[in-house]
Amino acid sequence: MAARRSVTVLVAAVIALITVAVAASAQITTGTISGTVKDAQGAVVPGAAVTLISDTRGTRLPDVFTNANGDFTLINVSPDDYTIQVAMSGFKTLKRSGIGVSVGDRLELGAFTLDLGGLSDTVEVKGESPLIQARSGERSFVVETELVQNLPIANRSFTALAFLAPGVTTDGNNTPQRIGGGGDPNIMMDGVSTMDTGSNRPLLQMNVESIAEVKVLTSGYQAEYGRSSGVQVTAVTKSGTNHLRGAVYDVERNSNWNANSKVNKLNGDPKTVLKEKDWGFSVGGPVGRPGGHNKLFFFYSQEFSPRTKGNDVVRYRMPTALERVGDFSQTVDNNGNPYPYIKDPLSTSLCNSANTAGCFQDSNGVVGRIPANRLYQPGLNILKMWPLPNIDGTGLPYNFQLTRPNESILSWQPALRLDYQPLQQLRATFKYSAWWQKDHTFVGTIPGFNDSKMQHAPVSSYTASVNYTLTNTTFLEATYGHSQNELAGCAQAQSGTGAIFCNRAQGDQGIMMGSLASLSGAGLQNLPFLFPDATVLNPDYYAVRALNQLQPAFWDGTRMSKVPTFSWGGRVANAPPNLGFPGWFNINATQDFSISFTKVRGRHTFKTGFYNTHSYKAEQINNNAFGVLNFQQDAVGTNQFDTSFGFANAAIGSFSSFLQAQKYVETASVYNNTEGYVQDNWKASDKLTLDYGVRLVHQQAQYDKLGQASNFLADRWTLSSAPLLYAAGCVNNANPCTGTNRQAKNPVTGQLVGPNSTALIGTLVPNTGDTLNGLFLPGGDIPKATYKWPFLAFGPRFGIAYDLSGTQRFVLRGGAGLFFDRPSTTTISGGVNNPPTAATVTVQFGQLQALGTGGYTIQGAPALAAIKFNSKLPSSTQWNGGMQMELPWAVALDVAYVGQHSFHTFQSVNLNAVDFGTAFLQQNLDPTLPASTTPGATALQTNLLRSIRGYAGITQQWDRGWRTYHSIQVSFQRRFRNGVSFGFLDTIGLYDKQQAGVRLQHNADGSFTIRPDQSTADALLGNNNPVPHTMRANFIWDLPDLKSDSAALKTLGFVVNDWQVSGIWSGARVANFGASNPTEAYTVGFSYQNGGGNVNLTGSPDYGARIRVAGDPGSGCSSNLYRQFNTSAFQGPLTNSDGLESGNSYLKGCFINVLDMSIARNIRLGGTRNIQLRVDMFNAPDLAGVIARNTTLNLTNPGDPVTPQNLPFDANGNLIPTRSTPRNQGFGIATNFQNPRTVQAQIRFSF
């Protein structure tokens, strides 16, 4: 036996050492139990043996012994229900059962009183875990098993339960977020962080069937918690017990049971078809004889989630049959008004409703018909890509309407857990969870046109942990885990637990599989590109492997011959969908490792630990190698090739801008987050506990392991080394000029390049400067990450708990600390798109047929992504102070003041933004363009206006961001007892402000400073308008049973007994319902049909103007769906705007409340066997509060900033039918409402 034990210990030690050697971060999932042993006279009893026995498994932890003060502490206690046994010679043995331990708990159980007697005499008492926290100052809340199992949860993911904690909300991705900011969340399962490091969102959402309980830490948590400074959510999977237990269930949702949405009702649309099922099973128990002395336990669950969806209506503005052949005589604009006014770029005359002399027209004078010899065939082929209109669009902003067919898909989620305790002092756990979806081609928003497909790969996570008791006062815990996903623009397993339909109109979810996505399939083989070989892939890229698996029509094994994406401008509303490319196309793998040592000494519990997260992310980031063709209309006089209508521009080959990356680049982002901590929980007296420590953080700067990323260092850029840019010139200097007379001019020689060279204007003149001016790859004094931040940061933490009475009925608690946040990889990885690896170039104002015909090569001024070279770690100082009080009926009351101040957070700043007013200066007007009455319309090409010459926009991540939030948080919760539990919470937002966007001004040498009015902008635009009350309530009521010996009443009891009602209610006055950053207020925007771009209003394409508030806008919430606010209070901005016309606090959203309810009937079959029939109703009263409005004021031009063009009422106050519904919304009308009532039914057999 001794030999076997030695071997077991040796194996455990080897496993631990191997695990330590693996680079990986995790968090500890066990709890701590403390108490004091006294005799009947109240004297402390040193030396008593305290044993912890699992009520569910019968296993024991090693004995600990009380110290000189009679105190004991049990360390590394796994979540479970326990009995504590206290034994001491001369006293009766005491057993207290019913002690529930949750993840990360620090339980103070108070006094255990021993009676005189023999050890063989046993006193058994029933106990409970304390209601309030007397051993720490952290803000933490446990969602216990009863709530997990019984509350209605729409997406059945454990992360949705986090919003039952005060100070927490969930975003549209079902990710818990701290109200008031302060950092990204950290979601953990069984001690391992399961985060997608590219977005800092959950990598894997598991269903509640596999989850035992959830703990949410919102603020003031101890030094042992790290990686992120936001909400910490820890879920513990279910584990097997010493008896065989399990369940078989079927959960169904069917749109036939649901109400139709308010939007559909107003639009006259049918109810969307949605049929969802979650059916599965779970089983757990011992590996051995049930009820015996077992050491190995298992739990396994498997859930299948078939989904059927369809019958939703899509609407688009498609090119008409006439428009596809160049006839725009019957064209209508975005407001449904006739618009045949297609400008002939070769004419110097005006083209508008008052003067059609400059319009395209045929020999019969029909305005809007383009002659055949002016049409561009690839442009016409672009217009022919989409289906023809199928409805009369007269007076409407769309002409194509389709009810999508039903589509079915399937996903499944397995979960396995093994628990092994070969010795009292040694425990090990292994856990595996995954999500997998059937290989499937998703039906697009237009079936057969934009169908898409995802990689067929699981999202998976596994964990292994070891707990070892070295001595009765020294403990070790170690955990290793690995998580991985592969995605293509669709957040599979990240927002819910079931199958996901990956088909958005933007074309950025999944890989487009149809033939039209390929250049040859769309008839665009002859479409010119700035970089024809941009989509030839590096064979080492992850994308090559994924595309070889998917085999889309545009992929030939080495090159992606895919169509560009297209933009059409404001006159084309409800633009046709693009055949795009995923916003992210990646593999994300993380390895996490943690180890901790705990030492109990006297009244101190010392703990030290080490964590490491290794992240690898291979993905393309904002790479536009396929090209983005913008055919929008420009302000009159700006673009000499503009026809004033997007489809007409395509028809003749004219573009406003053509953006393309030089090369498809995939980052291979890598980092290690290495952290350690030391902390002490000191029971300074029977009433006072101090919790203090420090976290040491080494955030390795993220780097691209292929060495592709470069960084821009502004202090190393010099004007003298900057390349020159081509200017505009006219033949014989005959300004202004048009057509082939307007050409690019070399500023060095003063010579014109030649006909068809206008696309060169604003691009680099070869051999005139350093094209890498200020840009640096790793090497020399540039680290491999291309930026630096502190090697080591210290985060002190302090907490206090003072038990006023010493009976754990009224405790004063508080804490404060410094926390550090790990930015997402996407925030930093954009440098791989910079030169010399690649370059993203934009060419403005040209014609496609002219590209490449002049014998020249375009070397555009590239846009850059950068990060401040010497950056600081994103940080958050957090504090809380309050009290917890035990009330009658097992109710705990918590009231606290909670706040945070984050700083050094990243903020995107365009270092090369064109200064305010630049486009209005005489020296910046282009003499080759005819004079225009529209300010800024004839300004020089944008890159000729930039101060850091040689580059386009330079988006740098600055560590300037900050945010301060103050709140009062109130909650009370009754523990589930006697068939009833309930709770209520209110987060009272008091103050929430942060920085506004940075406003720069440049010097002649390219250096820059922040404008003096930055503080004004921060004050005006930095108010986040905190929600005054974010309220939630929950309840579970097991209805009283009818008990009687009467046969008749017994029969009645079979019907009326064993019913249960539960629910969740939430309410808040919020403008952006469901957002991750809830705010009470919303604002109004604007659009001008012509001459109202940024450059025309602020004199800069990079800074926008704001709406003018010229009257009382109203409250912002009204029962009148067509007048949500006073539309007459708003006016468009004027020229010479400084972007500070209005703030962001003048309209308030409506009070929105939701009640989700569950009704269940349990049919008891004897023993532990039970059948439950249950119905969940989400938004049970079917409330339809307004959550969105049309807040865009549409105007003609800045010359008339007061006459709206999109009001829902005519001059006589009559409602205009074509502007009174959500699908063709007028200014000020309600456009979206709360989700309608949905119903979920389930049947469960458990044993």
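No value in this document is a laboratory result; all are computed from the given coordinates. Small disclaimer: the values here were computed from a predicted structure and weren't measured. In this analysis, Cβ positions are derived from the backbone assuming ideal geometry, glycine residues included, and neighbour counts consider all displayed protein chains.
The packing ranking, built from the mean of other Cβ atoms within 10 Å per residue, places the peptides 108-117, 358-367, 1060-1069, 167-176 in the order 167-176, 1060-1069, 108-117, 358-367, highest first.
Assuming a ≥ b ≥ c are the square roots of the Cα gyration tensor eigenvalues, decide whether the range 623-758 counts as rounded (a/c under 1.5), prolate (otherwise, with a/b larger than b/c) or oblate.
Numbers: a/c = 3.56, a/b = 2.73, b/c = 1.30.
Here the range 623-758 falls in the prolate category.
Only one item in [x] 51.0; [y] 47.7; [z] 67.8 matches mean projected area of the Cα convex hull in nm² derived from the coordinates shown, and that item is [x]. In whole percents, the pair-distance distribution calculated for the range 835-958 from its alpha-carbon pairs, binned every 5 Å from zero, is 2, 8, 11, 11, 12, 11, 8, 6, 5, 5, 4, 4, 4, 3, 2, 1, 1, 0. When both bridge partners sit in the chain, DSSP labels roughly 90% of those beta bridges antiparallel.
Between the amide H of G1091 and those of A635, V636, distances stay under 5 Å, these residues lying 5 or more places away or on another chain, with hydrogens modeled in the peptide plane.
On the principal axes of its alpha-carbon atoms, the range 136-244 has extents of 44, 32, 25 Å, going from largest to smallest. Would you work out if the range 1142-1192 is rounded, prolate or oblate? Take a ≥ b ≥ c from the square roots of the eigenvalues of the alpha-carbon gyration tensor; rounded if a/c is under 1.5, else prolate when a/b is larger than b/c, oblate otherwise. Since a/c reaches 1.5 and a/b is larger than b/c, the shape of the range 1142-1192 is classed as prolate. Every helix of 4 or more DSSP H residues in the chain counts as -39500 (n - 2.57), and over all residues that averages to -2000 deg cm²/dmol at 222 nm.
Listed by chain and number, the aspartates and glutamates whose C-alpha is less than 16 Å from the C-alpha of K784, apart from same-chain residues fewer than 8 away, are D704.
Y376: net charge of surrounding residues, Cβ under 13 Å, Lys/Arg +1, Asp/Glu -1, itself excluded? Summing Lys and Arg as +1 and Asp and Glu as -1 gives +3.
Classify the range 292-425 as rounded, prolate or oblate from the Cα gyration tensor: take a ≥ b ≥ c as the square roots of its eigenvalues, call it rounded if a/c is under 1.5, otherwise prolate when a/b beats b/c and oblate if not. The shape class here is prolate.
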